[in-house]
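The block underneath contains the structure these notes are about, expressed in structure tokens.
The values are calculated or read from the model by the stated rules, or taken from the named source; none is laboratory data. On a predicted model such as this, the values are computed, not experimentally measured, just so you know. In this analysis, Cβ positions are derived from the backbone assuming ideal geometry, glycine residues included, and neighbour counts consider all displayed protein chains.
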Amino acid sequence: MIKSRRWQLIISVLFILFCVSVITRGANKVEENTGSQVREESNQLATKLEFIADQSQQSWVIEKSEDPTPVIPRYVAYLNIRWYHGEPNDPNGTALLETSAGKSLSDLQRDFIRAERAIVVNSDRTGARTGAMPGRYSSQLEDFPWGRNRYFLFAVSEADAKKMAFALVEFLARRGNTNAQRRMKNHIRKLLDVQKQTTEKVAQAKEQLPDKENESTAAYGKYKDAVKNSIYSLHSLNEVPDELRKTIFDMNKMLDTLNIEIAGSKAKISAIDRYASHKDVLNSPDLKGMLAQMSIRENIELIGAETRRKAILDGKKHREYLYGLYNHRMDLVKDCDRLRNSSALGARDLRAIEKELAELQASRAHSFEVMNNTVTIYPVRVRE
């Protein structure tokens, strides 16, 4: 009985140890996959690097030190980095030594990094302005910071200079831009919102366009029929609007002249009526007869002027009706053009947004790039 219990205890302990082992291996596997994914992404950036040798010497100054024999750099690797969403953290020597590329540096290079200033960074912040990213849809959005950093990585040998470049890229890919990922996610969310709004705008324009085109066609037919039934039937449809504008302008000038003439006739008639009521006029048959003739003459002139005015107004009204039909049709044509442009521009914006989203979600995962994937190696001229 005791032996049986002992075996049960042993089996239980072995089972627990087996479960712990499985769980540990699983956790290690997840961590290994995560780490390998980060290494793979940084390796993808690193494998694209192209090294170019340039014989132009770059200077490096020996600073005052208690070490009588300081380590002297012989080469420098130059990288021009363009970053997005957030400026990278400046790497220090210790951080580069912790990368996989940094661990392969020579002992002399590692000593140089620990003792001297091996990394020089020049930041170009002039590009980090709102909406300043060229060639991207994001230039139309707010809050899209970007810029350039120039890195000079000094090394004791050409091989170490290249490894320093690999170490820098690995650092930037893994830890160099802690805020960029969060900002990039916010930027992607903005792009998705704009994408949704633009999609709805394009769909709305496409939905409205057929109705507007039908309205425009009907308005053109109505205008065409009206012209055929007017005094402009012998004119081409393209000439009619100019003729209408000219005639309406001339009629307005004639109306101004007639209005002045009518006002003058009315003033004269009013004055004659006032004089005709005076006592002297009433007692003089000659004056009374003369004023009566003047009143008749002015009233005839007034009737003639008002008749001409009415005829001009009627003609002007008909021409304004024709011109109104023309303007209405042209407004509908403009609406159709606006809807077509809105649809075309929206489709173009959607293509640009989709392209940028794909880049952001794929190759832009690190929010930076080495300009032209090029690293330039220069010889170093040391001066005290």
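Here are some notes:
- Taken residue by residue, the stretch 235-246 has at least one member that is of a type in the set (G, A, S) and not in a helix (DSSP H, G or I).
- V370 being touching a helix residue (DSSP H, G or I) at 6+ places or on another chain (Cβ under 6 Å), assigned by TED's automatic domain parsing to the domain that holds P70 and not in a helix (DSSP H, G or I): no
- Boolean, L192 is surrounded by fewer than 22 Cβ atoms within 10 Å (Cβ to Cβ) and part of a helix (DSSP H, G or I): yes
- Where P241 falls short, out of the listed (1) surrounded by 15 or more Cβ atoms within 10 Å (Cβ to Cβ); (2) in contact with a Leu (Cβ under 8 Å, 6 or more places away or on another chain): (2)
- Residue in the stretch 337-352 that is assigned by TED's automatic domain parsing to the domain that holds D225, closer than 30 Å to L79 by Cβ and under 38 Å from the mean Cα position of the chain (by Cα) present: yes
- Among the residues of the stretch 64-90, those that are modelled with pLDDT under 80 and among the hydroxyl-bearing types (S, T, Y) comprise S65, T69, Y84.
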